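Structure first, then comments.
Every number in this text was worked out from the coordinates using simple rules, so none of it is lab data. Just so we're clear, the structure is a prediction, and the values are computed from it rather than from any experiment. Note: ideal-geometry Cβ built from the backbone for every residue, glycine included; neighbour counts use all protein chains shown.
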Amino acid sequence: MYTTQDEQQLYARAKSLIEQKEVTNPEETIQELRDVVNYCDWKYYVQNEPVLSDYEYDVVYKKLKHLEDQYPELVTADSPTQRVAMGLSERFPTVSHLVPMLSLDNTYNADDLRDWDKRCKDFVNGEAIEYCVEPKYDGASVSLVYEDGKLVRGATRGDGVMGEEVTINIKQIRSIPLSAAFEKSGIGQVEIRGEVVIHKEVFAEYNRQRTAEGLSPLANPRNAASGTLRILDPKEVSKRKLSAVLYHISYYTLKSGGKVPDTLHTHYDSLNWLYQLGFPTPVKEMKRFNNINHVIAFCEAFEQRRDDLPYEVDGLVIKVNNFDMQDRMGMTAHHPRWAVAYKFKARQATSKLLRVEFQVGRTGSVTPVAKIEPVPIGGVTVTSISLFNEDVVREKDLHIGDTVLVERAGDVIPYIVKPLTELRNGTEEDIVFPTKCPVCGEPLEKPEEEAVWRCINISCPAQVVERIIHFASKDAMDIRNLGAANVLKFYELGLLKDIPGIYNINWDAIRKLEGFGEKSVTNLQSAIDNSKKQPLNRVIYGLGIRHVGETMAKTLASAVNHIRDLYDWDEEKLVSLQDVGPKVAASVAHFFHTKENRHMIDLLDEYGVNLANTQKAAPATGELAGKTFLFTGTLSHFKRSDAEAMVEARGGSILGGVSSKLNYLVVGEDAGSKLEKAKKLGTVAILTEQEFLELIGD
Ligand code: IVH
């Protein structure tokens, strides 16, 4: 898509746009900014090689957004800013596909493949056939239609003939170009097929969050991808970080006088061409062969490496490479004759559900864990499977003694698909949920709207130990050698009682323990010492505040100078931060308003743990430096975003809510609760729009 020279130019342009202060030709600058954002998106989402830091990218993106806000007449549907969805759609309309979306015939072994090869050869009267092999992605299949180079429609497979039009959600997938230079090849309309997938890591993180919130996890990345495409709120879709792989051009029209481009004679060339145009296609993975035995050898070797890919693959697809030949072979009612799937061995097995244990987590949640007869699946022996919560157990109708179907998809944690009820013999027993905490014996509670039972005794040993383990863990304070086993040992011996205790360990007592020679003690001491310098976001994440994952911890840390600043933040102010919803806000506010937690923070401070945001940008300069503003009500003299930009350009900052930190509240018509609150506080200067303009001298 881009030559090295293009790349160098775009990079240089990105850097100069970041620096650029004044815009003389908005139309030209908007186009330059779009080129740069499209290029950065392609590097990041298609090539996995980011060229700008997140911060730099943000600057470029915001400049584009800002200019487009100023010149709405210059906004086009394929501008990268138009991926961002505003409203909710009611439901998705149904559309017919330009060409029916067929499925593939399956093969499972070398013999099946040889049979298929023979059928293909018979069809083309023994002509030599070149095959192209690529992964079979396990996601949700989609059809994308481009007209005159612009993405005009994205649809789910549906029943193959009709699908749901989910263009708005497709636009949230950053690897899918909103426009591409098809016209250069004389193409008018084109339909591209592909698979929307969720990276295994993203999926695992999503499920971690769901379970932390007491929701049952999604079964596999495939369900997650297809479910996400049909969510009615595109903003939520955007958060789920879907990816796409495109693997088939199913239809195209030529502009008048156009001739079939050279790149559209074989499948292999067509995917390379799409890649050149900026599309995510499997160019790195696909291979060509002239002989079915080589195809078979490749398939068998690939199956061994299936886990190396960042997303799930459930097989390979073998396609006749030449399009003329494909056309001659045609299709049956169900599938093309020129392609076949080679399915990998299912990573499922059956086992017996022996008993259910109940584990108490860091937040007191009591999780049922199935202990099953050990069974090997995809190279690991599975003995324990989380059942997440009571609802999952009831929905699946699980009983002790059931024969259960277990699946382990790639790196995804194993899960029980279902019990094989037909194999029951009447001796199966109900799974009984405890009413008291299995560790401390206190009664369990089940908060309304939650699926998990919780032990609410915050001194429950299980919770305390889990909290310390979490604080010391790799993604939090990263204290090596203070893993689960050592935390538990120290806790049981009374040598470690809580999080601050990590920094006040009685080393003489530790030295007396078996296995703690001078070397391991010194290592542990220096790991603990080093952790005192960790950035604030890690501390906040480590505190284990409910609903605060790593990203949220970064958001919170970057909003303050010191952790104690959060003591003054109420829920209203918290929700003004990006991606902070009412649930997170309530949990954070509650955490920092709790006496015991403040005491813990004091102790960490005393022991020298860094609690300041050392990564905060240098203080702003300008006539409004240090002044805070908030706009409320309907503004008629200027757009809110413009006014906010004016404040920021003069060194001021924008707050999300009314608090004692607010200096100016600018009120438009129908100002409501914010105005009331500011009046009540009495410390906030209340300005009309006119007064605001006078203040900034505009
Ligand atoms: S080609 C007309 N290629 O597998 C042929 N399909 O089980 C169109 N799939 O419905 C399909 N990876 O959703 C093709 N590399 C790949 C694929 C692939 C996954 C899906 C596709 C299809 C299903 C059939």
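Using 0.36 nm per residue of separation minus the Cα-Cα distance, give me the extension gain between Asn290 and Glu445 in nm, one decimal.
49.3 nm
What's the center-to-center distance, using Cα atoms, between region 316-394 and region 299-315 in Å?
Here the answer is 13 Å between Cα centres.
Take the cross-link list Lys255/Lys284; Lys287/Lys319; Lys43/Lys235 and give me the ones stretching past 20 Å between alpha-carbons.
Working: Lys255/Lys284 31 Å; Lys287/Lys319 10 Å; Lys43/Lys235 23 Å.
Beyond 20 Å between Cα atoms: Lys255/Lys284; Lys43/Lys235.
May I ask you to evaluate 6.51 cos²θ - 1.76 cosθ + 1.60, the Karplus curve with θ = phi - 60°, for each residue of region 293-309 and list the ³J(HN,Hα) values in order in whole Hz, giving x for glycine and proline?
Running phi through 6.51 cos²θ - 1.76 cosθ + 1.60 with θ = phi - 60° gives 5, 6, 4, 4, 4, 5, 4, 5, 5, 5, 4, 5, 9, 4, 7, 6, 7 Hz.
Any chance you could run the full-extension gain for His590 through Lys259? It's 0.36 nm times the residue separation minus the Cα-Cα distance, nm to one decimal.
Contour length minus the Cα-Cα distance gives 112.5 nm.
What does the charge add up to near Glu669, with Lys and Arg as +1, Asp and Glu as -1, over the other residues with Cβ less than 14 Å from its Cβ?
0
If r is the Cβ-Cβ distance from Thr683 to His637 and R0 is 25 Å, what FRET efficiency results, to the nearest 0.05?
Values: r = 25 Å, r/R0 = 1.01.
Working from the Cβ atoms, E equals 0.50.
What percent do you get for the relative contact order of the chain when only Cα pairs under 8 Å and 6+ apart count? Write out the running numbers ahead of the final one.
Numbers: 1200 pairs, mean separation 64.3, N = 698.
Relative contact order of the chain: 9 percent.
With r as the distance between the Cβ atoms of Glu429 and Phe516 and R0 = 60 Å, compute the FRET efficiency 1/(1 + (r/R0)^6) and round to 0.05.
Numbers: r = 44 Å, r/R0 = 0.74.
In this case the efficiency is close to 0.85.
Looking at this model, which pairs from Lys150/Lys343; Lys150/Lys259; Lys136/Lys345; Lys345/Lys474; Lys15/Lys239; Lys63/Lys583 are more than 24 angstrom apart at the alpha-carbon?
Lys150/Lys343; Lys345/Lys474; Lys15/Lys239; Lys63/Lys583
With +1 on the Cβ of every Lys and Arg and -1 on the Cβ of every Asp and Glu, and nothing else charged, how large is the dipole of region 506-646 about its Cα centre, in debye rounded to the nearest 20?
The dipole magnitude comes to about 200 debye.
When the helix-only estimate is applied to the chain (DSSP H runs of n ≥ 4, each -39,500 (n - 2.57), divided by the residue count), what is the mean residue ellipticity at 222 nm, nearest 500 deg cm²/dmol? Show your work: numbers first, answer last.
On the way: 24 runs with 242 residues, N = 698.
That calculation yields -10000 deg cm²/dmol at 222 nm.
Would you mind checking which residues have amide H under 5 Å from Lys255's amide H? H placed 1.01 Å from N; only 5 or more apart, or other chain.
Ile187, Gly188
From the square roots a ≥ b ≥ c of the eigenvalues of the alpha-carbon gyration tensor of region 337-396, which class results: rounded (a/c under 1.5), prolate (a/b over b/c), or oblate?
prolate
Rank Ser587, Asn506, Cys437 by how far each Cα sits towards the positive end of the charge dipole of the chain (+1 on Lys, Arg Cβ; -1 on Asp, Glu Cβ) and give me just the farthest.
Of the listed residues, the answer is Asn506.
Lone cysteines in the chain, going by a 4.7 Å Cβ-Cβ cut-off?
Cysteines lacking a close Cβ partner in the chain: Cys40, Cys120, Cys132, Cys299.
Calculate, in nm to one decimal, what Glu205 and Asp233 gain on full extension: separation in residues at 0.36 nm each, minus their alpha carbon distance.
Roughly 8.1 nm would be gained on extension.
If you take the square roots of the eigenvalues of the alpha-carbon gyration tensor of the chain and sort them as a ≥ b ≥ c, do you get rounded (a/c under 1.5), prolate (a/b over b/c) or oblate?
Oblate.
Give a residue-ordered list of calculated ³J(HN,Hα) values for region 23-40 (Karplus: 6.51 cos²θ - 1.76 cosθ + 1.60, θ = phi - 60°; whole Hz; x for Gly, Pro).
Using θ = phi - 60°, the values come out as 10, 9, 10, x, 4, 5, 5, 4, 5, 5, 5, 5, 4, 5, 5, 4, 5, 5 Hz.
Quick one: which residues, 5 or more positions from Val666 or on another chain, have an amide H under 5 Å from its amide H? H modelled 1.01 Å from N in the peptide plane, none for Pro or chain starts.
When sequence neighbours closer than 5 places are left aside, the close amide H contacts are Leu630, Phe631, Thr632, Leu687.
Around Asp35, what is the net charge, scoring Lys/Arg as +1 and Asp/Glu as -1 over all other residues with Cβ under 14 Å from its Cβ? Numbers along the way, then the final one.
On the way: positive: Arg13, Lys15, Arg34, Lys43, Lys63; negative: Asp6, Glu7, Glu27, Glu28, Glu32, Asp41, Asp78.
Summing Lys/Arg as +1 and Asp/Glu as -1 gives -2.
Listing Ile18, Ile416, Ile249, Ile198 from the residue with the fewest other Cβ atoms within 10 Å to the one with the most, what is the order?
In order of increasing Cβ crowding within 10 Å: Ile18, Ile249, Ile416, Ile198.
What list of ³J(HN,Hα) values in whole Hz, one per residue of region 377-390 in order, does the Karplus curve 6.51 cos²θ - 1.76 cosθ + 1.60 (θ = phi - 60°) give from phi, with Gly and Pro shown as x?
Once θ is set to phi - 60°, the couplings for region 377-390 become 9, x, x, 10, 8, 9, 10, 10, 9, 5, 9, 6, 7, 4 Hz.
Classify region 581-635 from the C-alpha gyration tensor, please: rounded if a/c falls under 1.5, else prolate or oblate depending on whether a/b exceeds b/c.
Oblate, since a/c reaches 1.5 and b/c is not below a/b.
Considering amide H positions built from the backbone, and no H for Pro or chain starts, which residues 5 or more places from Val404, or on another chain, come under 5 Å of its amide H?
Here Ser351, Lys352, Leu353, Leu420 satisfy the definition.
Roughly how many whole Å is it from the C-alpha centroid of region 484-559 to that of region 627-698?
Using only Cα atoms to place each centre, the spacing works out to 44 Å.
Local charge sum around Leu543 (other residues, Cβ-Cβ under 11 Å, Lys/Arg +1, Asp/Glu -1)? Please report the intermediate quantities before stating the final value.
Details: positive: Arg362, Arg467, Arg538, Arg546; negative: none.
After counting each charged neighbour, the total is +4.
In whole Å, what is the distance between the alpha-carbon centres of region 416-461 and region 175-209?
That distance is 41 Å.
If each of Ile18 and Thr3 carries a label point 7 Å out from its Cα toward its Cβ, how far apart are those two points in nm?
Once both label points are built, they end up 2.6 nm from each other.
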